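Just so you know, all these numbers are worked out from the coordinates, no wet-lab data involved. Remember, it's a predicted structure, so these values are computed and weren't measured experimentally. Every residue, glycine as well, gets a Cβ built from its backbone with ideal geometry; the counts of neighbours run over all protein chains shown.
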Amino acid sequence: MKKTISLLLALLFLTGCNRAGVSPSTPLPENHVYTVVAETMAALPSSTPAPLLPIATVAPTNTPTLPPTTAPTSVSTALPEAPRPAIQVLSPGTLSKVVSPIVLKSYIRPGANGLIQVELLGEDGRLLAREILRRESVLAEGAYVSIEIPFETRAAAELGRLQISTKDDLDRPLETESVHLLLLSVGSNDLNPGMSPYARAAFFYPTSKTEIFGGTLPIIGEMQAYNDNPVVLDLLNDEGKTLGTRTLSLAAGSREEFETTIEYDVDEQVEARLVIRQADEKFEGSIYLHSQAVVINP
């Protein structure tokens, strides 16, 4: 563009000189200046502006909108979830039909010194088999135990009870879990599902090693009763003697919460054991037992 303007000025200057009486050495034809200007302009590139390059646009960052914080309108009073059972029989399940040997699969939290006792009782209460195991475990589920239990029956079939139990370091009952089985002399296994992964009974209060004062032990818990026999709560001293007891009536099969108390009388601090148990309808002894350590004071 600058060159074009210079050319036009030069041509005009020449024209101006001619008008002033200065004759050029070679006279230009009439209208030659305008012709040159026109040709020059025609030879120039088009003045149409170049298209604009697209400008990149950045999409706005979507900032999530957080919901307004709302204060809770109420405080939950629900009881804690029941813990895992100390003894869980995975197989065989209740009323399974079994032939010898029974293959027991279970998770068991060992008792004192890692000891676990497994027994099989016949229909008349006779002892058909007994195994004393030693296991160590750091798992919440307990030690995985898988053993074979051989047996002999006096008839083609009879009812049996497979029971697993543990004791604490003072030889007090710690846990007992049982399964009723149909023992067959011949045939094949017909197994039912094993136990629930939730404890049949739980103490929500007192918690382990809670210190109690004043001669009254308050108890809050829940249990799913095996049968219609009474559910019994015992408070045992360090020698296994009963310091106090309470009987509950719970419906068989349903999980029920309970609140009660046990009166006790001690002259000094005692590491006691709170026991909840239920007797078997078809065999002697407890079909189920769960316990927890508590510290009682005068």
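Working only within region 89-114, note down all residues that are within 30 Å of the chain's Cα centre (by Cα), surrounded by 15 or more Cβ atoms within 10 Å (Cβ to Cβ) and among the hydrophobic types (A, V, I, L, M, F, W, C).
Residues satisfying the conditions are Val89, Leu90, Leu104, Ile108.
Any idea which of Phe203, Phe151 is in a strand (DSSP E or B) and of a type in the set (A, V, I, L, M, F, W, C)? If you could, list the steps in order and put the result at the bottom.
Working: Phe151 fails: in a strand (DSSP E or B).
Going through Phe203, Phe151 in turn, just one is in a strand (DSSP E or B) and of a type in the set (A, V, I, L, M, F, W, C): Phe203.
May I ask you to list the residues in region 215-254 that are surrounded by 12 or more Cβ atoms within 10 Å (Cβ to Cβ), closer than 22 Å to Arg84 by Cα and without any contact (Cβ under 8 Å) to a residue 40 or more places away in the chain?
Gln224, Leu250, Ala252
Being hydrophobic (A, V, I, L, M, F, W, C) and part of a strand (DSSP E or B), is that true of even one residue in region 185-200?
Taking every residue of region 185-200 in turn, none turns out to be hydrophobic (A, V, I, L, M, F, W, C) and part of a strand (DSSP E or B).
If I go through region 113-138 residue by residue, how many of them are assigned to a loop (DSSP other than H, G, I, E, B) and within 18 Å of Asp280 (Cα to Cα)?
Number of matching residues: 5.
Would you please name the residue that is nearest to Gln224 (Cα to Cα), looking only at residues in region 260-298 that are surrounded by fewer than 14 Cβ atoms within 10 Å (Cβ to Cβ) and of a type in the set (Ser, Thr, Tyr)?
Thr260
What do you reckon, is Glu141 surrounded by 11 or more Cβ atoms within 10 Å (Cβ to Cβ), over 32 Å from the mean Cα position of the chain (by Cα) and either touching a residue at least 12 places away in the same chain (Cβ under 8 Å) or not in a strand (DSSP E or B) (or both)?
no
What residue, of Ile149, Ile164, is buried (at least 18 other Cβ atoms within 10 Å of the Cβ), without any contact (Cβ under 8 Å) to a residue 60 or more places away in the chain and in contact with a strand residue (DSSP E or B) (Cβ under 6 Å, 6 or more places away or on another chain)?
Ile149
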